[in-house]
Amino acid sequence: MTSPERYDLVPDAPVRVSRHTIGAIGAGAIMADQHLEAYRQAGFPVAAIASRTPAHAAVVAERYGIGTVHDTPSALIADERIEIVDIAFPPDRQPALIREALAAPHVKAVLAQKPLALTLEEAIALRDEAAAADTTLSVNQNMRYDQSIRSLAQLLDRGALGEPVFAAIDMHAVPHWQTFLADYDRLTIANMGVHHLDALRYLFGDPTEVTAVARPDPRTAFAHTDGIVSSTLRFAGGVLATTREDVWGGPRHEDYDDDFFISWRVEGTGGVAKGTIGWPNGAPSTIAYNSITETGGQWVSPMWETHWFPHAFAGVMEQVQYAVETGAEPALTVADNVRTMAVVEASYRSIAERRTVRFDEFTL
């Protein structure tokens with residue numbers, strides 16, 4: 001294995017602070033298998049848990065040694081020991097819980113899921129309410145903490161690839177859609193594409209324009225518009241980027257040999273980087289790059305043992321812990337996430353109106 005340190009890359013965020021008490025709302029797979037496992041490994045203190053079904057919360061509490069199971073999320077928010085409220089709830093129910101937490105004087109921070117809300121207008125309202133309450137509200141855009149995306153950002157920041165020219169993120173994987181999504185009018189962009197659109201914003205800033213096209217996914221039984229989606233984004237610096245969210249991924253048959261993957265590629269005037277996201281196959285994410293200035297134009301492939309799921313979730317909570325400790329803004333601010341929500345909104349507007357949508361059409 002080639003150590004990333006050899007190439008001056010830090011794929012996993014360091015844990016600087018780990019002492020602020022967490023209350024977990026939700027006991028589904030994302031909380032039970034990702035958040036809480038990452039927190040266990042990082043040593044973050046989780047004092048209480050609650051979910052829509054207390055029996056489910058009790059099972060998860062026993063698994064992780066969480067001492068208190070509250071009957072309701074509201075009861076957990078009222079628990080004065082809780083400094084950080086960590087929410088993994090459906091997006092139509094999340095805003096009310098965020099508002100409860102913002103009103104609780106002992107709560108210092110809230111970590112919300114993406115999408116932050118079902119509409120851009122509600123996301124803006126939550127941003128403004130958090131600012132008025134002087135409470136940290138952060139949004140779990142965890143792909144920014146994927147090891148390969150973090151390493152790519154470091155290469156771009158130090159100019160190893162020269163001036164970026166083109167970028168692409170390509171997903172062929174079948175998500176396990178949560179049942180509550182059947183009640184919404186938005187599917188793939190809001191729940192999967194939001195990762196990729198946010199990662200591109202993280203790497204290149206706000207796009208100037210967005211063009212998206214979509215078709216239904218023949219596998220997904222409930223009504224939806226954005227099943228399979230292809231998007232093109234143009235950025236102020238000249239970067240052209242594409243994303244493809246294929247949640248069909250081939251026929252669904254017990255003998256069918258799937259080849260699910262998420263890959264990315266960035267080309268610059270001084271080099272190229274490419275990689276994979278390990279989520280579909282449970283393997284570590286990867287990166288390979290060449291650089292005129294750093295590798296003599298030869299390909300190198302740093303490797304690591306950690307995974308996007310669950311290890312990146314430690315970095316997400318750590319930046320909240322650090323914000324609570326220092327009083328500084330978190331790395332993942334709600335104000336920044338509103339701008340990602342605007343890209344999501346631009347994508348849906350582009351599909352509905354069959355046109356390119358400019359980012360400056362939105363007042364943020």
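What follows draws every value from the coordinates through simple rules; no lab data is involved. No experiment lies behind these values; they were computed from the predicted model shown. Using ideal geometry, Cβ is built from the backbone for each residue, glycine included, and neighbour counts are taken over all protein chains shown.
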Dipole moment magnitude, nearest 20 debye, the chain about Cα centre, only Lys, Arg, Asp, Glu C-beta charged
220 debye
Candidates Val85, Val139, Val17; GNM for the chain (alpha-carbon contacts under 10 Å) flags as most fluctuating Val17
Which order results if Thr293, Thr136, Thr188 are arranged by neighbouring Cβ count within 10 Å, fewest first?
Thr293, Thr136, Thr188
So if I average 1/r over every pair of distinct C-alpha atoms in the range 1-140 and take the inverse, what Kirkwood radius in Å does that give?
15.8 Å
Can you give the net charge of the other residues whose Cβ lies under 12 Å from the Cβ of Tyr202, counting K and R as +1 and D and E as -1?
-1
So what's the back-of-envelope 222 nm ellipticity for the chain, counting only DSSP H runs of four-plus at -39500 (n - 2.57) apiece and dividing by all residues, rounded to 500?
-9000 deg cm²/dmol
Cα centroid separation - the range 42-107 against the range 335-364, whole Å
32 Å
Taking a ≥ b ≥ c as the square roots of the Cα gyration tensor eigenvalues, with a/c under 1.5 meaning rounded and otherwise prolate when a/b beats b/c, else oblate, which class fits the range 64-122?
prolate
Rounding to the nearest 10 and keeping the result within 0 to 90°, find how far the Cα-based axis of helix 120-133 lies from the longest principal axis of the chain.
50 degrees
So, how do all the Cα-to-Cα distances of the range 5-76 break down into 5 Å bins, in percent, from 0 on up?
3, 17, 26, 21, 12, 8, 6, 4, 3, 1
With the calculation restricted to Cα positions, what are the radius of gyration and Dmax of the chain in angstrom?
20.2, 60
For the chain, find the longest principal axis of its Cα atoms and tell me its angle to the long axis of helix 334-353, 0 to 90°, nearest 10.
60 degrees
With the contact rule set at Cα under 8 Å and sequence spacing of 6 or more, what percent relative contact order holds for the chain?
21 percent
Return one quarter of the surface area of the convex hull spanned by the alpha-carbon atoms of the range 104-181, equal to its mean projected area, in nm².
8.7 nm²
How much of the pair distance distribution for the range 118-268 lies past 29 Å, counting alpha-carbon pairs only, in percent?
26 percent
At the level of C-alpha centres, the distance separating the range 160-191 and the range 201-278, in angstrom, is 6 Å
Which residue, chosen from Ala331, Ala130, Pro54, occupies the Cα position most advanced towards the positive end of the dipole of the chain, where the dipole is computed from +1 (Lys, Arg) and -1 (Asp, Glu) charges on Cβ about the Cα centre?
Ala331
Between helix 94-103 and the chain, what is the angle of the helix's C-alpha long axis to the longest principal axis, kept within 0 to 90° and rounded to the nearest 10?
60 degrees
Cut-off is 10 Å between beta-carbons; in what order do Arg244, Arg144 appear when sorted fewest neighbours first?
Arg244, Arg144
Hey, can you grab everything whose amide H is under 5 Å from the amide H of Asp217? Only 5+ residues off in sequence or another chain; H modelled, so Pro and N-termini drop out.
Gly227, Ile228
